[in-house]
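Here's the structure we're looking at; comments come further down.
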Amino acid sequence: MDPVDLSIVVPLFNEAESLEELYSRVTRVLRDAGLIYEILFVDDGSTDTSFPTLEKLHGNDPRVRAIRLRRNYGKSAALSTGFKYARGRYIVTLDADLQDDPREIPRLLAKLEEGFDLVSGWKWPRKDPLSKRLPSRILNALTAWLTGVQIHDVNCGLKAYRRCVIEEVDIYGEQYRFIPILAHWRGFKVGEVKVTHHPRRFGKSKFGPARFLAGIFDLITVLFLNRYMKKPLHFFGLAGGILFLMGFGITGYLGVGWFFGRWIGDRPLFPLGILLLILGIQFISTGLIGEMLTKFNQKEKEYSIHRRLGC
């Protein structure tokens with residue numbers, strides 16, 4: 001198929017009510033841009049009428065393409081699938097819930113033309129309830145602190161990429177939110193633009209405590225895989241040194257007590273300290289080794305595709 005200038009990639013799950021309006025908004029913005037474009041929807045196993053709506057849009061406009069996954073794999077899977085089938089020199093992602101404003105797309109593309117490889121949106125002001133804003137703010141602060149990449153809103157779905165970025169950056173799990181971090185670490189130039197954000201009009205948010213915890217765990221994974229994959233001793237040595245000093249402090253304290261006639265064996269501090277050290281080392285080591293095995297043994301994305309329209 002002929003290449004296009006711009007691919008709009010829209011991952012979605014149960015967003016039937018918003019799709020036609022989203023399509024109208026995007027096409028209005030791009031109609032006068034003078035670009036050859038496509039809109040690629042990736043239905044992540046929706047159980048509502050999302051895909052029949054996409055079939056209708058595709059029938060009316062061949063620039064609309066759609067992929068339906070057999071089940072709900074998650075946003076990273078939907079984005080990876082969209083990136084695989086996108087044909088554009090530039091790729092813009094946005095969510096399907098109408099909270100991202102398509103009118104910001106030209107601004108993101110203009111920022112790319114300034115020499116950036118990836119431009120991330122920063123929802124400002126953010127039109128979400130406190131139950132979403134507070135966990136997101138915590139995750140953003142942790143990400144900036146631990147990675148050194150000053151992105152204010154890693155959760156924003158509105159992002160623009162040069163094609164070379166999506167061809168190199170590999171994501172799985174919930175790591176889609178950390179694409180700017182991964183791209184920065186690979187040497188790409190990453191920028192940020194404040195973008196308009198709208199309140200959610202249809203359906204309900206897919207965000208919850210489980211996704212917040214998944215984000216924290218994936219931040220740890222991203223840090224480990226990218227900083228310590230080739231030098232794990234630096235990570236385990238630091239952790240081991242800290243644990244050794246803690247153990248030395250506990251046993252030293254108990255040893256001093258024993259020297260002055262206090263018995264060690266019947267003190268709860270002794271077995272508790274040993275037990276926590278052993279469990280902590282086992283859990284962390286097992287989790288990180290499992291992540292390493294997942295990373296190395298991961299095949300090319302094999303998410304099961306049920307149907308394709310124009311792909």
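Observations, loosely collected:
- When we screen Ile305, Ile274, Ile216, Ile250 for residues that are at pLDDT 70 or above, exposed (fewer than 14 other Cβ atoms within 10 Å of the Cβ) and among the hydrophobic types (A, V, I, L, M, F, W, C), the only hit is Ile274.
- Per-region count, region 141-182, residues part of a helix (DSSP H, G or I) and surrounded by fewer than 21 Cβ atoms within 10 Å (Cβ to Cβ): 9
- Of the residues contained in region 196-205, one or more are found to be surrounded by 14 or more Cβ atoms within 10 Å (Cβ to Cβ), of a type outside the set (Asp, Glu), in contact with a Phe, Trp or Tyr (Cβ under 9 Å, 6 or more places away or on another chain) and not in a loop (DSSP other than H, G, I, E, B).
- Test result for Ala86, of a type in the set (A, V, I, L, M, F, W, C), within 24 Å of the chain's Cα centre (by Cα) and modelled with pLDDT under 95: no
- Selection within region 47-70 - of a type in the set (Ser, Thr, Tyr) and closer than 21 Å to Val4 by Cα: none
- Residue match in region 1-21 (condition: hydroxyl-bearing (Ser, Thr, Tyr), over 24 Å from the mean Cα position of the chain (by Cα), under 24 Å from Lys75 (Cα atoms) and at pLDDT 95 or above): no
- Residues being outside any loop (DSSP other than H, G, I, E, B), of a type in the set (Val, Ile, Thr) and either within 20 Å of Leu109 (Cβ to Cβ) or in contact (Cβ under 8 Å) with a residue 60 or more places away in the chain (or both) - total across region 18-45: 4
- Among (1) in contact with a strand residue (DSSP E or B) (Cβ under 9 Å, 6 or more places away or on another chain); (2) exposed (fewer than 14 other Cβ atoms within 10 Å of the Cβ); (3) of a type in the set (Val, Ile, Thr), the one test that Ile138 misses: (1)
- The one condition in (1) out of contact with any helix residue (DSSP H, G or I) (no Cβ under 9 Å at 6 or more places or on another chain); (2) part of a helix (DSSP H, G or I); (3) modelled with pLDDT under 90 that Lys230 fails to fulfil: (2)
- Residue-level analysis places Asp48 outside the set of residues that are free of Cβ contacts under 8 Å to residues at least 24 places away in the same chain and on the phi < 0 side of the Ramachandran plot.
The values are calculated or read from the model by the stated rules, or taken from the named source; none is laboratory data. Fair warning: this is a prediction, and the values are worked out from it, not measured in the lab. Because the Cβ atoms are built from the backbone with ideal geometry, glycine has one as well, and the counts that use them run over all protein chains shown.
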